[in-house]
Structure formats: C-alpha cells, structure tokens
Amino acid sequence: MDIVYTIWLRSVKRYLRSKSRIIGSLGMPLFLMLVLGFGLDSVVQIPGMEEGYMDFIIPGIVAMSVLFTSVFSGIQIIWDKQFGFLKATLVAPVSRLEIMIGQTLGGATAAVIQGLILMVLVLLIGLHPVSIAGFLIAVGFMALIGVTFTALGIAIASRMEDMHGFQLIMNFIVFVIFGLSGALFPIDGLPDYIRPLTLADPLTYGVEGIRYGLSGIAQVHPFTCLAVMASCAVLMIVVGAYLFRKIQS
Amino acid sequence: MTRSSASPQTTNPTPAIEVCNLTKSFGNFVAVDNISFSIARGEIFGLLGPNGAGKTTTISMLSTIQKPTSGTAMINGHDVVAEEDAVRKSIGIVFQDQSLDEELTAYENMDFHGRLYRIPGEVRRKRIGELLALVGLEDRKDDFVKTYSGGMRRRLEIARGLLHEPKVLFLDEPTLGLDPQTRNHLWEYIARLNEEKGITIILTTHYMEEADRLCDRIAIIDHGAIVVLDTAENLKNSIGGDVVTITSPDPDAIAGLLTAPWVSSIEQHDGLVTIHLQEADRHIPGIVTAIHQNGIGITSLSVRKPTLEDVFLHYTGRTIREGGATGKEAMRMIYRARGG
Ligand SMILES: Nc1ncnc2c1ncn2[C@@H]1O[C@H](COP(=O)(O)OP(=O)(O)OP(=O)(O)O)[C@@H](O)[C@H]1O
Ligand SMILES: [Mg+2]
C-alpha cells in the first residue's frame, strides 16, 4: 500500500505541476461545448429530454476530458522509460503490480481532477445545478473511466518502444472510442449498423453514467452502466498489469 | 534474505559477488562472453573497458535488470535470477544514463526512492538530509532537478543510490562527463564510503586514472570477455618494467627493427611506437643508435613507468579511446532522453 501511495503521489504531483497541460487540455472540450452546444442547441432536439442539446453533450464532453487525460497519463510511462526513471523504479524491491496500480490510480486521479475543473467551468457557463448525489454518481463514473483508460494507456505504453506511435494511438482513442460513444448523440436514434458498435464501446456506459448523475436521464440503465464500467476497469487493470510485468526498461 | 543480514560481515565468508560463466547474447551477438570472477566484501572492483565492451550489460545482469542468457551470478549469496527481490534489497545502483525525475525536486526524488525501499519516515528524512549535505546539494534540495547541471544530477544520483544503505553499490561510469574537480571530489567520496561503511563497490569506467586510483582490483573487459584481472600494481608490473614511447615518421620500420630479446613487447599505434622493456635506461642508447643507423627519423622519445593505459594497450592491442569514444561520450551527455 505504501508503494502504491508513493507511485500515486508522484503521478499526481506531476499532473498538478503541469499547469500548461491542465489548461491546454481544457481548450478542446470547451471549444466543442461552445460550438456544438450553443451552435446546435436550438436545432437539435433530443427525444425524451426537455433540456437542449447543450445539456445533453456536457456529460459527454466531461467524459472526453477524463478519457484524454487518463490515456495520456498512462502513456506517460514511455517518458519514464526514455528518461531512465522507470529503470530506477523497477530495480527497487517492489512488485510491478504495485507500481502499475499506483500509476493507474494516479492517472485516474489526475483525470477526475481534470474532469472536475471542466465541470466547474461548465457550471459557470450555465449548466443547471445538480444534486449532491447526482454529482457524486457522476464523479464515480469519471473515476471508473479514469481507471479503465489509464490502465489502457499503461498497457499500450508497455508495448511501445518510444513515442513514435503516440499520435496514431491518440487518434484511435479520439475517433474510435470517443467518436463511437454516445457522448455527442443519443443511442436510440442510431442506425442499426452503428448502434452495436456504440454499445460495444465501454465509454458509452461511462458517458451514460455521468449523464444519469448530472441530468437524471439516461438511455442505458445506470446499473448496467456501473456493471459494465466496473468490469472494464477490472479487466483493463488485469491486462495492463500483465503487459506491464513484461516491460523492458 | 536473512542469511546475509543474520551474520555480521566480518565473519561471513560469502563473497559479495560471485559470477560464474555469465553470458548475455542479443540474437547472434554476444555482448558478455562467459565471464567469471568473485568480489570480496568491502572491495572496490573496477570493470575497465572501451565503449561496447559489455560493462553496462554485465552490471545490468548483476542488478537484475537483464536476465543472463547463461551462467549464474550471486550477490550476497542470492541468485540474481531466482532471488531477484533479495538481490534488489541489497544493492544500490547508479545508472550510466540519467534516471531522475526532472519534474520533481531533489528532495522529492530522494523521498520517492526512500519510500520505494520502505525506509521509515523518521530515518528517511534524516538520511536524505545527511546524504544531500554529503554531496553538497542541501542548499538546492527544493529546486527542480530540471534546473540542475550534469554534475549536480550525478551527485544526486549517487546520493540516491546510497539512501537505503546497500551492501553492494554499482556505479556505472559514475564520473562520466564531470569536470576534473567534481570528479576528484567524487573519487574521494566513493573511497570514503567504502572505507567507513564497508560497502562493496563495483564500478565501470573507461577512465584509466579512475580505475587506478579507486579500485582494489581491476578487470579489463573487451568484446565481452575479461582479458585480465588483477590489482593495478600487478597489472602494470605484468607488462614489463618500463615503457619507451617513440614518435617517428616511419613507425612500421622501427617496430620491425627492434627484435632484441630484452624487448618484452612492442606495439604501434597512431604513429607512435610503444616499447615495453626492462631497465630502459640501459637500452635507450642502443635503441636510438639502431634507429639512426637505419636512417629513420625520431621526432620524440620518452621513458616512463607503465600506466594502466599501457596495460590496456598491451592486452587488447588498442588504446581505450580508439573507435570514437569521445564522440559517443559527448552524445551521451546530451541526455538521450532530451527530445526522445
Ligand atoms: N538491448 C540490446 N540489444 C542489442 N545489443 C545490445 C543491447 N544492449 C547492449 N547491446 C550491445 O552489447 C554491447 C555491449 O554494450 P554495453 O552497453 O554493455 O557496453 P559498455 O561496455 O557499457 O559500453 P559503454 O562504455 O559505451 O557504456 C554493445 O555492442 C551493444 O551494442
Ligand atoms: Mg556502459
């Protein structure tokens, strides 16, 4: 536990110190929210939801922010590898599982903080207030997204030699995981050939979970969301830990 | 794990390091070729060799970072493959390449390391303070490592390697890229550590002077194999009493000329002829006369006692700096991490 805490602490410290990264990665979500949210608010009508499109995509945008931050945090292991720091950690008498768990929790924490910063900004822009319980539910789902995708980042980083494939992977994450999720469109209205893909995307359940917390309305039952996201988190930790065990410094 | 810590060092006959037929191949390439040696507790042992000789690879295997292809190695009585964790607990290592977190302060780097080794808070804080003072960084302890110079980083890494009081300390080119003053300072410090704390030290270097000054015994390693292993004194004596170096426009001719039985060996390199012989003062007139009689010019001539450099040349047929060592060294100092 001490070791997990040590790794977690370093990871969170590094995140909190990277001011430019924190601020820089608010840009894209805010931009999307303003352009899509305000731009389409009066045009798009979400079935079964009185609120406009803006309220619909806010959970999706928050999820996106958590997603990017967590994948990025996981992949940061490659930098540790390149800066030699990973070698110094791996030569210590600690198990790789502890290192991996610490790193995952650290990345997830950073991702949740990033998501929270965005949520606060959104409240300022004009999201209607949510109940404490709803807020906590949303944070819980953010944490699950954070764990799942930090672990995914670690799994990818464990197999990568250097940063060359980085852009490719980030694009994959953006287009496939975020794009297919129900972050920007309602699942119910999807054509038959996309719907299964969206339902196969774990982020969909994260987004729906946050949406349930923030607006009380979701197209997937919150328990289903919880079950799927929790399973994904556990699965990704197992896969990440397995691959990380074989990492070559 | 309990074996070594249960019995005091002085009565424990287990060598600090015992290496037997250790080999490491990368594909068809043999980086470390069947080496065997044993290092006593409290010894400072040097691995001296040119770039690519296999020093780092050897250290990596001894410190559990890489698995040997074949052969065994025991650290403090623990097998590096079968008892990884016990080995890791008893060793400290300063890597050849930088391994600090630049986004953390010096203190935080130390603290992170201390926690990884489960050093209790009280002890940890005290030792970090002491060690940072020892390497002269206590004033800068709260500065980010990214603002440190190369020498400061090196000192910090050495302090970090000592934090958990390892029984065996690996130093992979500890003074690479440091200025002579800092280097001297570190040498003194390494010697003191060894003396006061009885830490067994194994260091790699391609600085002859470093090996000569610090090491109780030196293994010259080339192309992955140990060429010769002995004390610096014995190594120097082993190649004959004196060294005569002659610079000449025609070194080949000189090398062919001196075939007298009192010449123990003769090497030529870069327009230099190096002659190993006993009692040089008696033979120099003869050498000079012979060269002149054959109409060969002598640009300069010097006589000295052998250095490790001569030993190296003698056993490997090359000087240690051959093959662009300096260029690679300079590159390495531009930390490989920069820009990936
Ligand atoms: N992971 C690897 N894959 C392939 N070859 C390797 C690997 N690591 C080392 N080598 C090769 O093994 C040889 C020995 O390398 P090593 O790093 O041990 O040399 P060294 O003695 O430490 O040299 P230097 O003085 O430059 O640090 C080199 O030829 C190197 O190219
Ligand atoms: Mg090396």
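Taken over chain A, the convex hull of the Cα atoms encloses 125 Å³ per residue. Going from the isolated chain to the complete set of protein chains, region B:90-113 loses at least 30 Å² of heavy-atom accessible area (1.4 Å probe) at B:F95, B:S99, B:D101, B:E103, B:L104, B:E108, B:F112. Think of each Lys and Arg Cβ as +1 and each Asp and Glu Cβ as -1; about the Cα centre, that makes the dipole of the protein assembly as shown roughly 900 debye. The C-alpha atoms of region B:240-305 occupy a region whose extents along the principal axes are 26, 23, 18 Å, arranged from largest to smallest.
Excluding ligands, DNA and RNA and using a 1.4 Å probe, chains A and B jointly bury around 2500 Å² of accessible surface, summed across both partners.
Heavy-atom surface analysis with a 1.4 Å probe gives the protein assembly as shown a carbon and sulfur content of 60 percent of its accessible area. Which is farthest toward the positive dipole end of the protein assembly as shown among B:H223, A:L197, B:T247, measuring Cα position about the Cα centre, with Cβ charges +1 (Lys, Arg) and -1 (Asp, Glu)? Of the listed residues, the answer is A:L197. What the pair-distance distribution of the protein assembly as shown shows, using all Cα-Cα distances binned every 10 Å from zero, is 3, 15, 21, 18, 14, 11, 8, 4, 3, 1, 0, 0 percent. Once backbone amide H atoms are built at 1.01 Å from N, B:I218 has B:G46, B:D230, B:T231, B:A232 as its partners under 5 Å, excluding neighbours fewer than 5 places away on the same chain. Counting only heavy atoms of the protein chains and using a 1.4 Å probe, B:W262 has close to 80 Å² of accessible surface. The alpha-carbon positions of chain B define a convex hull whose volume is 162 Å³ per residue. Determine the per residue accessible area of chain B with all protein chains present and a 1.4 angstrom probe, expressed in square angstrom. Counting only protein heavy atoms, the per-residue value for chain B is 43 Å².
The values are calculated or read from the model by the stated rules, or taken from the named source; none is laboratory data. Keep in mind that this is a model prediction, so the values were computed, not measured. Quick reminder, even Gly has a Cβ in these numbers, built from the backbone with ideal geometry, and neighbours come from all protein chains shown. Calculation scope for accessible area: heavy atoms of the full protein, side chains included, ligands and nucleic acids excluded. Shrake-Rupley method; radii C 1.70, N 1.55, O 1.52, S 1.80 Å.
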